[in-house]
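The values are calculated or read from the model by the stated rules, or taken from the named source; none is laboratory data. Everything numeric in this text was worked out from a predicted model, so none of it was measured. Here the Cβ positions follow ideal geometry from the backbone for every residue, glycine too, while neighbour counts run over all protein chains shown.
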Amino acid sequence: MSIHSTHLNVRPVRAFADNYIWLIESPQAPKQVVAVDPGEAAPVIAELRRSGSSLAAILLTHHHPDHIGGVPELKLLGDVPVIGPDDARITQRTRTVRDGERCDFPKLGLSFEILAVPGHTLSHIAFWGHGALFCGDTLFSAGCGRMFEGTPTQMNASLTKLRELPADTRVFCGHEYTAANLRFALTVEPANSAALEYQGGVQRVRAAGDPSLPSTLGLEVRVNPFLRCDNPTVMAAAALHAGKPLSEAADVFGVLRAWKDQFR
Ligand code: ZN
Ligand code: FE
């Protein structure tokens, strides 16, 4: 069995109002964990103490403060490598990774492929490995990140790249936005039965105080309008909203993203 097929134990640490910092347990040494996007240090330190774990590395998807703010304080815990994209706004990183590269932690039994996913920010990356995807603010469940720096063509290409990963890939997003995203998804596709069914499930887990994440890519392909820009129903809804015909998936994406930006 290759290490890539190792099922990861990943637990959420809540930060700010709706961020998740994901802690990945080493399959080789379960008391060693890797933190993804620690926007805050305190809740990570509390979870390390609670579980008797130590921090082995930090992975960063993009430069926004709610994803990197805790890094300086966490680095004080020891010699913690900080892996992130090539971006001068991420001053704390110790290793830069680029599209297509691998990021291996042999002692931890962890290995990720780096995927460049520009759009939310230009240098945004995702970490993919062991059937798990850590995608920061690029892909959310039933939605996607705001397009702060990229173009619709870029961000649509990034999401299309993620869509091509295996359907059973578990999707670990940076925020708990699923319920609000589903309200928009069902505005675009009111008769999407998978989205309607998912909405009921999400309401139940959220009412119980649990995260709606991780999702899976197979589910996202069925419910997430931003992964369905070539679906005839989604294309028709976007064209109706824009008041003009749309034939290119990137144009459909651009209309959906602008529509969602205004959606309440
Ligand atoms: Zn962000
Ligand atoms: Fe964020």
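If you check Asn156 against the conditions, is it of a type outside the set (A, V, I, L, M) and more than 16 Å from ligand 2 (Cβ to nearest atom)?
Taking the combined requirement at face value, the residue satisfies it.
Specify which of the listed residues (Leu55, Leu77, Leu23, Leu48) is more than 23 Å from His175 (Cβ to Cβ), away from ligand 2 (no atom under 16 Å from the Cβ) and among the hydrophobic types (A, V, I, L, M, F, W, C).
The conditions single out Leu77.
Among the residues of the stretch 131-143, is any without any contact (Cβ under 8 Å) to a residue 24 or more places away in the chain, hydrophobic (A, V, I, L, M, F, W, C), farther than 22 Å from Leu23 by Cα and outside any strand (DSSP E or B)?
no
Would it be correct to say that Thr138 is in contact with an Asp or Glu (Cβ under 8 Å, 6 or more places away or on another chain), at pLDDT 95 or above, within 16 Å of ligand 1 (Cβ to nearest atom) and of a type in the set (S, T, N, Q)?
no
Residues that are modelled with pLDDT of 95 or more, surrounded by fewer than 19 Cβ atoms within 10 Å (Cβ to Cβ) and among the small types (Gly, Ala, Ser): find the strands (runs of 3 or more DSSP E) completely inside the stretch 1-114 holding 1 or more of those.
Working: elements: 10-15, 19-25, 32-36, 54-59, 82-84, 102-105.
Here the list reads 54-59.
Residues that are in contact (Cβ under 8 Å) with a residue 12 or more places away in the chain and of a type in the set (S, T, N, Q): find the helices (runs of 4 or more DSSP H) completely inside the stretch 161-264 holding 3 or more of those. Reasoning before the result, please.
Numbers: elements: 178-188, 193-207, 217-223, 232-242, 249-262.
Qualifying helices (runs of 4 or more DSSP H): 178-188.
Give the stretch 183-193 a look and list any residue that's in contact with a Leu (Cβ under 9 Å, 6 or more places away or on another chain) and either at positive phi or surrounded by 15 or more Cβ atoms within 10 Å (Cβ to Cβ) (or both), or say none.
Passing the criteria: Phe184, Leu186, Val188, Asn192.
Any idea which residue in the stretch 129-168 is nearest to Ala249 (Cα to Cα), counting only those that are of a type in the set (Ser, Thr, Tyr) and crowded, with 20+ Cβ neighbours inside 10 Å?
Out of the qualifying residues, it is Ser158.
Could you give every pair whose Cβ atoms fall below 9 Å, whose first residue belongs to the stretch 97-120 and is more than 28 Å from Asn156 (Cβ to Cβ), and whose second residue is within 16 Å of ligand 1 (Cβ to nearest atom) and in a loop (DSSP other than H, G, I, E, B), counting only separations of at least 6 or pairs across chains?
Here the result reads none, with nothing in the stretch 97-120 linked to a residue that is within 16 Å of ligand 1 (Cβ to nearest atom) and in a loop (DSSP other than H, G, I, E, B).
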